[in-house]
Amino acid sequence: MTSKEIIESGKLELYVAGALCGKERDQIVAAIKADPTLQREVQAIEEAMIMSLSEGKLEPRADVKDKIFAAIKNQETNITRNIEPSVSEDKNGGKVIQMNPANRWLAAASVALLIGLGFTFFALNQKISNQAKELALVKEQYINQVSTNDSSHAALSKFAEQMALINNQNTKKIVLNGVAASPDSKAVVYWNTQNGRVIINPSALPQPPAGKQYQLWALLDGKPISAGVFDITNDSINLQEVKNIGNAQAFAVTLEQKGGVESPTLSAMYVMGTI
């Protein structure tokens with residue numbers, strides 16, 4: 001048996017309680033000596049039993065107690081079947097049946113077994129109860145975390161969707177380099193030619209002044225088509241989806257009045273890139 005199988009079988013609890021004997025006990029002892037994991041588990045079981053003693057919780061369940069007594073009765077029948085008790089008379093002529101050593105040992109062992117199994121089943125039940133409580137606590141914490149971080153989860157979901165669009169085989173990556181008015185500026189446009197969706201990463205554009213906003217344009221046959229305005233954020237990953245574009249030969253970004261304009265201000269162009 002593996003360490004996991006031994007732990008799950010409950011034989012370690014029986015060993016600690018003194019309820020194992022013979023070959024089975026020898027096998028468990030050998031396994032414990034050879035495996036540090038089992039040694040730690042035995043120590044934990046012993047500590048749990050000591051704690052149960054201090055709390056006074058020694059009583060096993062009724063169905064467990066019935067099974068224990070049934071096992072004791074069968075064991076007593078097998079051991080004492082061929083052992084005749086000695087009989088004597090007391091001073092009043094009554095018969096006194098002396099319990100032979102084997103029976104005395106059996107009685108003591110039965111009591112020890114009952115108490116030991118009481119410890120064992122209490123430890124097992126306590127372990128299951130603790131695990132259930134821990135699971136409930138983790139579940140509660142997770143629910144609370146989800147409820148208090150809805151915005152974070154929404155942001156992660158949106159980012160995953162954007163990455164899926166960027167990595168789509170029908171998406172083109174267009175690098176927009178700075179023009180003469182702003183040579184250090186840069187932006188990247190991701191345009192899906194199948195569904196027309198457009199995402200821009202403007203992280204290398206300077207912060208616009210108050211009352212101003214950047215606007216993305218698609219250029220087709222020399223005519224500008226507005227793809228909408230976007231903001232510059234302080235996020236390390238600044239991906240923003242704008243309006244869909246059906247067809248384009250180039251993209252450009254201008255700095256316009258907040259809210260956007262109908263026609264681009266060419267003197268306020270910052271970046272441009274052809275497809």
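Quick note: the coordinates plus some simple rules give every number you see, no bench work behind them. Keep in mind that what you see is a predicted model, and the values were worked out from it rather than measured. Note that each Cβ is placed from the backbone with ideal geometry, even for glycine, and that neighbours are counted across all protein chains shown.
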Quiz item: assigned to a strand (DSSP E or B), of a type in the set (A, V, I, L, M, F, W, C) and in contact with an Asp or Glu (Cβ under 9 Å, 6 or more places away or on another chain), is that true of residue 229?
Solution: yes
Quiz item: How many residues are touching a strand residue (DSSP E or B) at 6+ places or on another chain (Cβ under 6 Å) and in a strand (DSSP E or B) when one looks only at segment 237-271?
Solution: 12
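Can you tell me how many residues within segment 8-30 are part of a helix (DSSP H, G or I) and crowded, with 18+ Cβ neighbours inside 10 Å?
The total comes to 7.
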Quiz prompt | Count of residues meeting criterion [in contact with a helix residue (DSSP H, G or I) (Cβ under 6 Å, 6 or more places away or on another chain) and among the hydrophobic types (A, V, I, L, M, F, W, C)] in segment 246-270 | solution = 1
Exercise. Quick one: in segment 162-221, of everything that is without any contact (Cβ under 8 Å) to a residue 12 or more places away in the chain and not in a loop (DSSP other than H, G, I, E, B), which residue is nearest to residue 259 (Cα to Cα)?
Key: 163
